[in-house]
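The values are calculated or read from the model by the stated rules, or taken from the named source; none is laboratory data. Source: prediction; values computed, not measured. Quick reminder, even Gly has a Cβ in these numbers, built from the backbone with ideal geometry, and neighbours come from all protein chains shown.
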Amino acid sequence: MLKLEKLTKVYNTGDKALSGVDLEVGKGQVIALIGPSGAGKSTLIRCVNRLVQPTSGRAILDGVDITALGAGGLRRERRRMGMIFQEYALVERLSVMENVLSGRLGYVGFWRSFLRKFPQSDVDEAYRLLDRVGLLHMADKRADARSGGQRQRVGIARALIQDPTLLLVDEPTASLDPKTSREIMRLIVEMCRERELATIINIHDVNLAKMFVQRVVGLEAGRIVFDGAPDELVPDVLTRIYGEEDWEATIETVDDADEENDEAGK
Amino acid sequence: MSATLDQYVGKRWRKPHFITSPGWRWGLIIASVIYLVLAFASVEINWSRVYRGLSRGWEFIVGFANPDFVSRWSDISSGMAESVVMTVASTVVGIALSIPVALGAARNIAPLPVYLVCRAIIALSRALNEIIVAIILVAILGFGPLAGFITLSFATIGFLAKLLAEDIEDMQKAQAEAVKATGAKWMQWVNYGVQPQVMPRLVGLSMYRLDINFRESAVLGLVGAGGIGATLNTAFDRYEFDSVAAILIIIIVSVMVLEYLSGIIRARMK
């Protein structure tokens, strides 16, 4: 499915964001990528769809080396890679529907998209996705008039209408309250399972990650320092990823994590 | 910790001076004052000439009190029609030309060579004042509104492209990035990721430029580039201050109407 080989990114400033990352994500597998700020989580997923140009190494999606593609080939491959952003990254002055349909831009010609004359199948699918994320009645409202949770749902619909095989998710809950964060994570994970998408979710909230995924990858200073099941995240491991801190509380909360004591340990 | 804190507590606090060195600070202040005094002293005022001009000034004021719309009405109306055509046509053409230049002049989307070319176009357009361009074009194309139309279109590029490019440079990168990540082509990316972010600014600037072009069209007539300015110039040459007053009143009212309209449109575009 997705295979990263020795993926390395050195920024112009000389900062080495990724150093030789090897990672494999199988079909239908959802992984959480955890690590401190600046560990390179965001760079890693952006190197996959080349919003950031990797310095060396390869990213291979279903046998296609994405790092070697030209502009046209990259656009075609990007259609198969849905992305969900931190702070939603919706185009604020466009309507909810336009934002969702923008996920089809890679499939329709310029004039069709310019005149907003999308094929009926795209429009139907947009309505189905909006219904699935609970925003059907808001299709023609402006995107910036929505609450954070609603905006992220639009972001999810925009990514999924691409009909991707890979989903890249960058801090989906960064500015959401604890309850909404869980709802959004649950929605993302559910839809990934339904569609058997390979998924990488960047997330800094360890508890949230442990609640929803079966595989966690820890990144620290551009290197993978942990790759395993959520219950292997013992204090020693967390110290290796994040540095010295009392991790007992973080680990406790997961055991009795219920809706009513949201994020008690945070 | 508390030892250093003690040094601060009880001491008065004031905002640090912008220029820290007192010598430089006072030196600059004194130099500015001396320059201003000398500059004012060097302006020559010929009071006897001013006195002689007062009577003409009074005629002008009297003319203003009795504006004459009627006797030169056919000249005024054809001059206005010419100005309106010149304004609208040059604004539309100017905007159409500035949008691609603005996209090229935004450093965050354009590659460096394109950026430099577009910035050069903007710099050229801004460096040449409308009047100078109009004088040159009148010399080439002869009297009439064609020279005015080209002048204003050219000036619109410098104004609109520069300010629009700045707005594009200030756009939120994440929104544009999200559209790019869908596999959109460049034009689609501009249409979905960039245009919605800069649209209110584009509309506001266009309305403002329409307003400027109308006022400029009145001035350009003075150098022979047609429009209401040509009518105004003729009226001045004939010392018909009542017609001059009528023309000025029409210009003022038109500008105010445009101002009011652009206010409404901009408020709706938020």
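Take the residues in the range A:1-28 that are of a type in the set (Val, Ile, Thr) and touching a Gly at 6+ places or on another chain (Cβ under 8 Å), then tell me which one is surrounded by the fewest Cβ atoms within 10 Å (Cβ to Cβ).
A:Thr8
Please specify each residue of the range A:140-149 satisfying the condition of being under 23 Å from the mean Cα position of the chain (by Cα) and part of a loop (DSSP other than H, G, I, E, B).
Within the range A:140-149, A:Arg146, A:Ser147 qualify.
Might you let me know whether the range B:148-158 holds any residue that is surrounded by fewer than 19 Cβ atoms within 10 Å (Cβ to Cβ) and either farther than 19 Å from B:Ala102 by Cβ or within 14 Å of chain A (Cβ to nearest Cβ) (or both)?
No: zero hits.
Taking into account only those residues within the range B:159-176 that are within 14 Å of another protein chain (Cβ to nearest Cβ) and among the small types (Gly, Ala, Ser), which is surrounded by the most Cβ atoms within 10 Å (Cβ to Cβ)?
It comes out as B:Ala176.
Select from the range B:177-201 the residues that are of a type in the set (A, V, I, L, M) and free of Cβ contacts under 8 Å to residues at least 60 places away in the same chain and write down the one among them that is farthest from the other protein chains (Cβ to nearest Cβ).
Step by step, filter the range B:177-201, then rank; the result is B:Val198.
How many of the residues making up the range B:7-31 are surrounded by 10 or more Cβ atoms within 10 Å (Cβ to Cβ) and assigned to a helix (DSSP H, G or I)?
Summing the residues that are surrounded by 10 or more Cβ atoms within 10 Å (Cβ to Cβ) and assigned to a helix (DSSP H, G or I) in the range B:7-31 gives 8.
Taking the range B:194-244 on its own, how many of its residues are over 30 Å from B:Glu169 (Cβ atoms) and among the hydrophobic types (A, V, I, L, M, F, W, C)?
Matching residues across the range B:194-244 total 13.
Quick check: anything in the range A:130-140 buried (at least 17 other Cβ atoms within 10 Å of the Cβ), free of Cβ contacts under 8 Å to residues at least 40 places away in the same chain and hydrophobic (A, V, I, L, M, F, W, C)?
yes
For A:Val64, state whether it is at pLDDT below 95, under 25 Å from A:Ser102 (Cβ atoms) and touching a Cys at 6+ places or on another chain (Cβ under 9 Å).
Spelling it out, it is not the case that A:Val64 is at pLDDT below 95, under 25 Å from A:Ser102 (Cβ atoms) and touching a Cys at 6+ places or on another chain (Cβ under 9 Å).
With respect to A:Asn207, determine if the residue is at pLDDT below 90, polar (S, T, N, Q) and either surrounded by 19 or more Cβ atoms within 10 Å (Cβ to Cβ) or more than 30 Å from A:Ala89 (Cα to Cα) (or both).
The answer is yes for A:Asn207.
Go over the candidates A:Glu171, A:Glu183 one by one and state the one that is farther than 17 Å from A:Lys3 by Cα, among the charged types (D, E, K, R) and touching a strand residue (DSSP E or B) at 6+ places or on another chain (Cβ under 6 Å).
A:Glu171
Would you call B:Val219 over 15 Å from the mean Cα position of the chain (by Cα) and either within 14 Å of chain A (Cβ to nearest Cβ) or in contact (Cβ under 8 Å) with a residue 24 or more places away in the chain (or both)?
Here the answer is no, as B:Val219 does not meet what is asked.
Kindly indicate whether B:Ala161 is of a type outside the set (S, T, N, Q), touching a Gly at 6+ places or on another chain (Cβ under 9 Å), modelled with pLDDT of 95 or more and closer than 30 Å to A:Tyr88 by Cβ.
Against the criterion (of a type outside the set (S, T, N, Q), touching a Gly at 6+ places or on another chain (Cβ under 9 Å), modelled with pLDDT of 95 or more and closer than 30 Å to A:Tyr88 by Cβ), B:Ala161 does not qualify.
Within the range A:150-176, work out how many residues are touching a residue at least 40 places away in the same chain (Cβ under 8 Å), closer than 18 Å to A:Leu208 by Cβ and assigned to a helix (DSSP H, G or I).
Qualifying residue count for the region: 3.
Determine which single condition B:Ala165 fails, assuming it passes every other condition in (1) part of a helix (DSSP H, G or I); (2) out of contact with any Cys (no Cβ under 8 Å at 6 or more places or on another chain); (3) in contact (Cβ under 8 Å) with a residue 40 or more places away in the chain; (4) not acidic (Asp, Glu).
The failed condition is (2).
Go through the range B:215-231 and give me each residue that's under 14 Å from B:Ile251 (Cβ atoms) and surrounded by 23 or more Cβ atoms within 10 Å (Cβ to Cβ).
B:Glu216, B:Ser217, B:Ala218, B:Leu220, B:Gly221, B:Gly227, B:Ile228, B:Gly229, B:Ala230, B:Thr231, listed by residue number.
Which one of these does B:Leu103 not meet: (1) in contact with a Cys (Cβ under 9 Å, 6 or more places away or on another chain); (2) free of Cβ contacts under 8 Å to residues at least 60 places away in the same chain?
So the condition that B:Leu103 fails would be (2).
Could you list all residues from the range A:29-65 that are under 14 Å from A:Arg80 (Cβ atoms), surrounded by 18 or more Cβ atoms within 10 Å (Cβ to Cβ) and hydrophobic (A, V, I, L, M, F, W, C)?
Result: A:Val48, A:Ala59, A:Leu61.
Quick one: in the range B:41-61, of everything that is outside any loop (DSSP other than H, G, I, E, B) and either touching a Pro at 6+ places or on another chain (Cβ under 7 Å) or polar (S, T, N, Q) (or both), which residue is nearest to B:Ser243 (Cα to Cα)?
So, considering only residues that are outside any loop (DSSP other than H, G, I, E, B) and either touching a Pro at 6+ places or on another chain (Cβ under 7 Å) or polar (S, T, N, Q) (or both), the one nearest to B:Ser243 (Cα to Cα) is B:Ser55.
Has the range A:128-138 got any residue that is within 14 Å of another protein chain (Cβ to nearest Cβ) and among the charged types (D, E, K, R)?
Checked the range A:128-138: no residue is within 14 Å of another protein chain (Cβ to nearest Cβ) and among the charged types (D, E, K, R).
Residues that are free of Cβ contacts under 8 Å to residues at least 60 places away in the same chain, facing chain B (nearest Cβ under 8 Å), over 30 Å from A:His204 (Cα atoms) and buried (at least 19 other Cβ atoms within 10 Å of the Cβ): does the range A:110-119 have at least one?
Checking the range A:110-119: at least one residue is free of Cβ contacts under 8 Å to residues at least 60 places away in the same chain, facing chain B (nearest Cβ under 8 Å), over 30 Å from A:His204 (Cα atoms) and buried (at least 19 other Cβ atoms within 10 Å of the Cβ).
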